[in-house]
Each structure stands twice: as C-alpha cells, then as structure tokens.
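Asker: Encoded as structure tokens, here's the structure I'll be asking about.
The values are calculated or read from the model by the stated rules, or taken from the named source; none is laboratory data. All figures in this text were calculated on a predicted structure; none of them were measured in a lab. Positions of Cβ are generated from backbone atoms using ideal geometry, with glycine treated the same way; all protein chains shown enter the neighbour counts. Protein only, heavy atoms only, side chains kept; ligands, DNA and RNA dropped before computing areas. Shrake-Rupley method; radii C 1.70, N 1.55, O 1.52, S 1.80 Å.
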Amino acid sequence: MSLQAVLRASRAVRGRLPQCSSMCRAVHGSASSSSRRPALLVAAGLAGLVAGYSHLQRADAAIVDPGEELERRVAGFMAPPVTEMEQLRRSGGEMCSRMELMIMETQAEVCRALQAADGGAGFTVDRWQRAEGGGGVSCVLQDSKIFEKAGVNVSVVHGYLSEEAIQQMRSRGKDLKTKDGKLPFCAMGVSSVIHPKNPHVPTIHFNYRYFEVEEADGNKQWWFGGGTDLTPTYLNLEDVTHFHQTLKEACDKHNPGFYPKFKKWCDNYFFIKHRGERRGVGGIFFDDLDSPSREELFQFVKSCAKAVVPCYIPIVDRHKNDSFSPEEKMWQQLRRGRYVEFNLVYDRGTKFGLATPGSRIESILMSLPLTARWEYMHIPAADSREAEILEVLREPKDWVH
C-alpha cells in the first residue's frame, strides 16, 4: 500500500475514534476492577493507534515539497530575494540562506505595518545589484502623511573585504588571516530608520545582521550583530517604558541577562562624544556575538526582529494625530541634526558601508532624515520639555524596573 493510501486510512480511523472524555470515564470511572480491565486494553490499543497516527502525520508533513514552502514565504516579500531561488533551495539549511529569508520577512512585516499606520501609503521598492557580488532591496516611504522618511533596507553581499574594512575589524579584536591581502566574506542584514513628521512620534532605528569570513587556512569566522533604539524629540514615559519592556521580553525568552547587558551596550554605543549626550533613549545593541551557538543566536536575533513592530507601531498610532507648534517642529529639526552627526561621525555600519567596494551609497545614507537643522549655540530654556529630554540623553535611565 502506498504512503498516501496509508495516510488516508489513518485519517478515517481517527474519525471513528471515541472522544477522550468517554475514554477517560471508561478507564477512571466507578466500574469494578474486572470491568475496567477490558477498558484498559481498549485504551492501550487506541493509544497505539494514536501513536501510529502521529507517526503518519509526521510522514505526511515530510512529503510536503520544501520548494512549495519556500515559494509561499517568498510570495510575501516586498521583492524577490537577492539570492536566486534555486540556490536558496539547495542551501536552505545553511545560515546565510536562513538569515536572508528572515531579514526579507522582517522587511515585509515592518513595511506593511508602516503602510497601515500611514493609511495605505505605498513604498518605493528598489531592487539593486552589486557588481562585486550580491545586492539588496531598498524600500523607501518619503513625504507621506505620517512619515517624512521611512526606509527599510535589506542587503546581501559577498566578495572580498577591503583593507580598510579588515583593519576596522582587527581594531575590534578580530584575528583575521588573509591570503595575498584578500579575505572572502558574506554579509547580510536588515536596517531601518523611520523619521516621522510629527515631533511627538519618535524616530526608530533597527538593524540585524550576520557576517561570515573565510580565512586563508579555510577556517570560517561568523558573528551576529544588531539592535533597536528609540530617539524621541520629547520625553514620554509611557512610550519609552513600553518600548523597553517589549525589547526586554524578547530578550528574556533566550537569556535573562541579555536585556541589561545589551541595554547598557546601547547606551554606550549611541553616544555623541563631542556633544556629551546619547542619540536617544536607547534600547538594545550588540555586535560580534559568536556564542553560545549559531542556532541559539539566530533564534535570539529572530525574536528581536519580531519585536520591532509591537515595540514601535503602538507609539506611532498613539501620537500620529497629536497637534504640535512651530517651536516643537523646530526642536525636532535640531534633534535630527544630532542624529546626522552621530551617523556620519561614529556609526560603525555607515563607516563599514562606505569602506566596502561597490557599496550602494543611497542605501547606506538612507538613514539620514529628509530635513534637519543646526543653529549656532542653541540652548533650551531651563525647566522646559526640551531641557527635560536633554537631561535623559546625558544620564541614561533604567526604564523597566
């Protein structure tokens, strides 16, 4: 008999099985010990049937064409993956392929959530290729109803690292062995910065990435990096607490020590040294993670990516229709000036992108706002809401305890 025929027969048997409640009464009811014996035999026989059916269910799932599942996943993306479908089918179990599919799904989830919050505005979807290897998909929403500029970018690139990029990695403690000065690599990630029009809706940034290099001796080094952080123009305790609590819950699923460690890392990383202040109210940030295991870290990064929409969209919906004054709008522009300063002077991702041959400059600088402002010696009035946010940016706080 064929496997399909056996599966049909097993489903028919399942349809005729007694309900669990009646079986429980037969086994555990008030009948005498002699009357319970047949019931116990029946129960044992049914347990064997159920176990057999469960085994057949697994066999049924196993005969589903993996290619069909891949097709369904890809159909929900904003654009086709960077890697050819046939290659993704062949290498579906490899981390590079799994990470590419995950970041493409994240891009689609975030874009659709932003579209819904904006009332249906459409993203410009730009699929690009890199001559040296790989490419990406940039999705940009510009000057819409709610968002001045919202970009969600996926890049999947490979080739050889430049000497500048190698030196940057070595400065972070990476012991990389090159061959003839070359170092093959593959890197992929999803990166987004969302700048709303309303100054009472904060800016958000997130980035999740995977990096792999092959050294001269054939040894492969890999690591994950990323994070999510919030940059409000004005302080709203309810918003910031919700944001941090959502990220903490995502971290706690994997390790209760992750959130406090990566929250502190975020506060220290997004520090504008020449201003003596943080870029925003933080979140989580990590880089160069290569333990405990690749699979565990992938699942952790996946949870963090899934937390982006629930940590941010409720804040957008809460404030997108708030009224604001010209003075509040001007303060937003000044704070965006600080955002630009950090990204161009300190941000590691921006530096790496600009140092990588064949990088797409438009995608790298997608994080910059459409408008910003710099005023000479601008100092907000004491005890103002503008001064309040500056105090928080100078001295990070614990938002969830």
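Asker: So residue 212 passes all but one of these: (1) of a type outside the set (S, T, N, Q); (2) open to solvent by less than 10 Å² (accessible area, probe 1.4 Å); (3) more than 17 Å from residue 302 (Cα to Cα); (4) in contact with a Phe, Trp or Tyr (Cβ under 8 Å, 6 or more places away or on another chain). Which condition number does it fail?
Answerer: (2)
Asker: Anything in region 226-253 that is surrounded by 19 or more Cβ atoms within 10 Å (Cβ to Cβ) and over 21 Å from residue 317 (Cα atoms)? List them, or say none.
Answerer: Selection gives 226, 227, 248, 250, 251.
Asker: Follow-up. (1) open to solvent by 50 Å² or more (accessible area, probe 1.4 Å); (2) touching a residue at least 24 places away in the same chain (Cβ under 8 Å): which one isn't true of residue 292, the others all being true?
Answerer: (2)
Okay, residues lined up against (1) out of contact with any Phe, Trp or Tyr (no Cβ under 8 Å at 6 or more places or on another chain); (2) farther than 28 Å from residue 128 by Cα; (3) touching a residue at least 60 places away in the same chain (Cβ under 8 Å):
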residue	(1), (2), (3)
320	yes, yes, yes
324	yes, yes, yes
335	yes, yes, yes
343	yes, no, no
362	yes, no, yes
372	no, no, no
381	yes, yes, no
395	yes, yes, no
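Asker: Can you list the helices (runs of 4 or more DSSP H) lying wholly within region 312-401 that have 1 or more residues being at pLDDT 95 or above, surrounded by 15 or more Cβ atoms within 10 Å (Cβ to Cβ) and among the charged types (D, E, K, R)?
Answerer: 326-345, 385-394
Asker: State whether the residues of region 138-145 include one that is touching a helix residue (DSSP H, G or I) at 6+ places or on another chain (Cβ under 8 Å) and of a type in the set (Lys, Arg).
Answerer: yes
Asker: How many residues are closer than 25 Å to residue 100 by Cα and in a loop (DSSP other than H, G, I, E, B) when one looks only at region 224-255?
Answerer: Of the residues in that region, 3 qualify.
Asker: Here's something else I'd like to know. Among the residues of region 87-111, what is the count of those that are out of contact with any helix residue (DSSP H, G or I) (no Cβ under 9 Å at 6 or more places or on another chain) and modelled with pLDDT of 95 or more?
Answerer: Residues meeting the conditions: 3.
Asker: Just give me the residues in region 295-309 being open to solvent by less than 60 Å² (accessible area, probe 1.4 Å) and not aromatic (Phe, Trp, Tyr), in sequence order.
Answerer: Selection gives 297, 301, 303, 304, 305, 307, 308, 309.
Asker: Return yes or no: is residue 285 under 25 Å from residue 221 (Cβ atoms) and either touching a residue at least 12 places away in the same chain (Cβ under 8 Å) or surrounded by fewer than 22 Cβ atoms within 10 Å (Cβ to Cβ) (or both)?
Answerer: Yes.
Asker: Restricting the search to region 348-378, which residues are in contact with a His (Cβ under 8 Å, 6 or more places away or on another chain) and not aliphatic (A, V, I, L, M)?
Answerer: 367, 369 - these are the residues of region 348-378 that are in contact with a His (Cβ under 8 Å, 6 or more places away or on another chain) and not aliphatic (A, V, I, L, M).
Asker: Moving on. Looking only at region 138-151, filter to residues that are in contact (Cβ under 8 Å) with a residue 60 or more places away in the chain and in a strand (DSSP E or B); which one of those is surrounded by the fewest Cβ atoms within 10 Å (Cβ to Cβ)?
Answerer: Within region 138-151, the match that is surrounded by the fewest Cβ atoms within 10 Å (Cβ to Cβ) is 142.
Asker: For residues that are assigned to a loop (DSSP other than H, G, I, E, B) and open to solvent by less than 60 Å² (accessible area, probe 1.4 Å), scanning just region 256-282, find the one that is farthest from residue 194 (Cα to Cα).
Answerer: 257
Asker: What number of residues in region 82-133 are assigned to a loop (DSSP other than H, G, I, E, B), touching a residue at least 60 places away in the same chain (Cβ under 8 Å) and either among the β-branched types (Val, Ile, Thr) or open to solvent by 50 Å² or more (accessible area, probe 1.4 Å) (or both)?
Answerer: So the count comes out to 4.
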